[in-house]
């Protein structure tokens, strides 16, 4: 009788002999009582609150890293990687290198937010993929201390992974962090707020990223002819965003290239760059190179000329949307992501076919 009473009081009564249906029902009742007890003690609410807190923390740091800009940022190294990919490409090193570059992007964007927290409030929210007036530093989601820690962690992680991918690649990652992060955005230096300095930093950064992407594919650096062409191409691509920010930078008291030289003068300079790019592209294409590299040079020349025309036309008409800067942010993010993933798939096909 004592043993029988003990079994009747056992919480997991489903262990007793009986039909399957009885066991299932007993199991359901046991877990029901357990769930009721946890709710009574506030455990369920606590876990739900903890989950919400973790989600909010992750979201704010992803916003601080400006992940919405990563698809367009990845084009600078993903396309050169695809052009240079062949059977001997080390995929493991390439993946580590990609991770290092994305961590660099997180560091650079966060430092830029930190430096621009006072001037970003003047933006009207029409930036191509991110409302800068609502960036985490201006809204108070991220404190200055949190941003500083985030920058240090991502900087160290990016450099560590860079050297893990390769010694020369690690040097390029350090160069990217110095040029695109510290020189461009650090409050003590802040070349982005100086005429010519803003363009020079971004062009030098793009050249480093181009070289880094190709290095991951071929374990060698691009020729100086190709780097010169890519620098001209990057300069033409850098001018429109700087010119577009003229109103906000002038209101914030920044002496950017657009503020000093004027929007239209910068856009006119793009035509000069297009003319300079043609002989340099011919020089780069005449060097020993793959068919994919020559095709890429031709596409780049056509794209630069077309983008210069539509940008020039846009700035001639006040209030006209600037391509890739205003319009449909979600489409622009998707467009960049599709190109980047297509380049990655193309690289994979070349590695499998010629491996």
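Here is how the numbers come out for the structure above:
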| read-out | value |
| --- | --- |
| Failed item in (1) part of a helix (DSSP H, G or I); (2) surrounded by 14 or more Cβ atoms within 10 Å (Cβ to Cβ); (3) touching a helix residue (DSSP H, G or I) at 6+ places or on another chain (Cβ under 8 Å), with residue 298 passing the rest | (2) |
| Residues within region 218-257 that are in a helix (DSSP H, G or I) and closer than 29 Å to residue 187 by Cα, tallied | 23 |
| Matching helices (runs of 4 or more DSSP H) fully within region 2-107 where at least 1 residues are out of contact with any helix residue (DSSP H, G or I) (no Cβ under 7 Å at 6 or more places or on another chain) and either under 25 Å from residue 141 (Cα atoms) or at pLDDT below 90 (or both) | 2-9, 20-40, 43-64 |
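Yes/no matrix, rows are residues, columns are (1) within 15 Å of residue 76 (Cα to Cα); (2) without any contact (Cβ under 8 Å) to a residue 60 or more places away in the chain:
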residue: 166; (1), (2): no, no
residue: 174; (1), (2): no, yes
residue: 180; (1), (2): yes, no
residue: 189; (1), (2): no, yes
residue: 225; (1), (2): no, no
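The values are calculated or read from the model by the stated rules, or taken from the named source; none is laboratory data. Not measured: the values here are computed from a predicted model. Glycine gets a Cβ as well: all are built from the backbone with ideal geometry, and neighbour counts include every protein chain shown.
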